[in-house]
Structures are given as structure tokens and as C-alpha cells.
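Note sheet for the following structure.
The values are calculated or read from the model by the stated rules, or taken from the named source; none is laboratory data. Quantities reported herein were computed from a predicted structural model and do not represent experimental measurements. Heads up, the Cβs are rebuilt from the backbone with ideal geometry, glycines too, and the neighbour counts pull from every protein chain shown.
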Amino acid sequence: MILPEGKESKQSLLSSISSTSTVSLSERSTSGHVRSPLSDSSIPPPRYLEKQPKTGVTYTFLPQTIPANSMIMRPPAYLEDYPSYYISVNMNCFTPCSYITTIRRDGWDGEVVGEFEMGSPGVRKLNTVYLYGNEVPMDEILDSSTKIFRGGTYLWKRKGDLGPSTVDLYWEGCSTNNSTLTCFLGKEKKVTNNIAKFLPPTMLRRPGRPKDSQLTRLEVSPQGQVFLDEILLSALIIERIRTSPPAFKDLPSSMLKELF
């Protein structure tokens, strides 16, 4: 499926933020980051949507038992044309304490969107990120400034044609709710740049409580849909970092490989 809307609407959206902190449509189309062999590479993501959404979309993470160690991020049921993301975690057979998270689109055998590998404290294994056919050390694409109680800020750095990411995303932990992460388009926090929120559950499971309130969710604005792959991948990495043991979590990503 191909977006019927022209490139001008997306260009006006991105240019309204900042020319230095966003990505032009020509960069997205010429970087070789083709989502599907059936897609028109001249049209920027999301090529899997028939039209750009006019309202925000809330995706829900649903744990799965088959396969083990997996979950599916689904849009609301009424949005039939929106993609689901299939997320699995597997052990590195050569380094049993290092785990690889793989993200696929629309099925367990679907297109691989990206991967990242992170080891437990004490593992002498480089943490890496794979996206759009490129793999880089994690510290080259993610800067973190963690704080106690899962707070902190994180910058998912734009790499252009030389690396996997083509957009800057600024993530910030909420000061009043330390489980929520807010994503901004660009290198700094601006109200107009707010494009996504990562919302882990805040209540323990109890009879009678809404099931949705006990599941992790990802809220994405219409602007954020263009960068949904990067938003999801960076959110999963950041959540892994900030829920890791303190000796691992409280160090910037550039120091993780030097810890041992």
C-alpha cells in the first residue's frame, strides 16, 4: 500500500520543527532504507499506511506464550490497515548472557525492522543496534543521562546514510510519573515536538481493573507515525537500560562496554 498524499505535506511538517533536527523527505527516500520490495522508495515511511492518520494512535504490547519470550505491539482493532510489530527476545548462543531483541512487522516471519543486542553486567560483549541494514555500537546512536528511580534523558542520534538512524529523538522520563517516557522530535524538548509516549503499567493486577491499564502502551501522534520504527526500537532499548540492575543502568551507554 502506498500513501496517496504527496511529499509536500510531510515536508512542511518536518520543516516546521527545525532543519537541523529533522530529516528531509529526500534523505528518507535516497538513504536506501526500503521497508519492502513492494514499496515505492520515493515515498517516505510509513509506506504501509494508506493515508496519514489525523489523530494519535495508541498501540498496546500484548505478551505471548508462543513463541516464548515474545510480545506483539498492536494498534486498536478498528485500525485494520495499521501494522502490528512482532517482538521476540532470544539468547546469543555464543554468549549466553547476552540477549538479542528482534522486531518484525506483520508476522513472526515478517520483515525484520531492527534488532539490538545487550548483555547482562559482566558480559564482555559489545552492545549493538541494527536498523535498515546497518549495525553500529549502541553508544554511537544513543546517549543517556540516567537518574535514580528510572528517570533520565536519552538522545537517539541521527546518523544519516552512514548509520541506521535518520532522525534525532529526545526521550525524557516524567518527573511526576517515573515510569512514563515522552519522546520529542529533535535534539531538545519542545511542546510542539511531542510525538510519542511510552506508558508502562502503573497499577498491579487486581480483579475488576481494566485490562488495558495493566499493559504497556505506546501513544504515537500523527507526526510520529513517520518515525514509528525508530520510536519503537529506541523505546525498547531505553526501557531495557532503565530497568536493568543499578550498576548497569546508571552508566552512559558509551561506558557499558568498558565496565569490564
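See the values below:
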quantity: Filter result (modelled with pLDDT of 90 or more, touching a Lys or Arg at 6+ places or on another chain (Cβ under 9 Å) and closer than 18 Å to Thr216 by Cβ) within the stretch 74-97; calculated: Ser84, Tyr85, Tyr86, Ile87, Ser88
quantity: Test: residue in the stretch 111-127 that is out of contact with any Phe, Trp or Tyr (no Cβ under 7 Å at 6 or more places or on another chain) and small (Gly, Ala, Ser); calculated: yes
quantity: Which numbered condition Asp143 fails, given (1) in a strand (DSSP E or B); (2) modelled with pLDDT of 95 or more; calculated: (2)
quantity: Filtered residues of the stretch 173-189 (kept if within 30 Å of Asn134 (Cα to Cα), without any contact (Cβ under 8 Å) to a residue 60 or more places away in the chain and either surrounded by fewer than 17 Cβ atoms within 10 Å (Cβ to Cβ) or of a type in the set (S, T, N, Q) (or both)); calculated: Thr180, Thr182, Lys189
quantity: Residues of the stretch 127-140 classified as modelled with pLDDT under 90, in a loop (DSSP other than H, G, I, E, B) and more than 14 Å from the chain's Cα centre (by Cα), total; calculated: 1
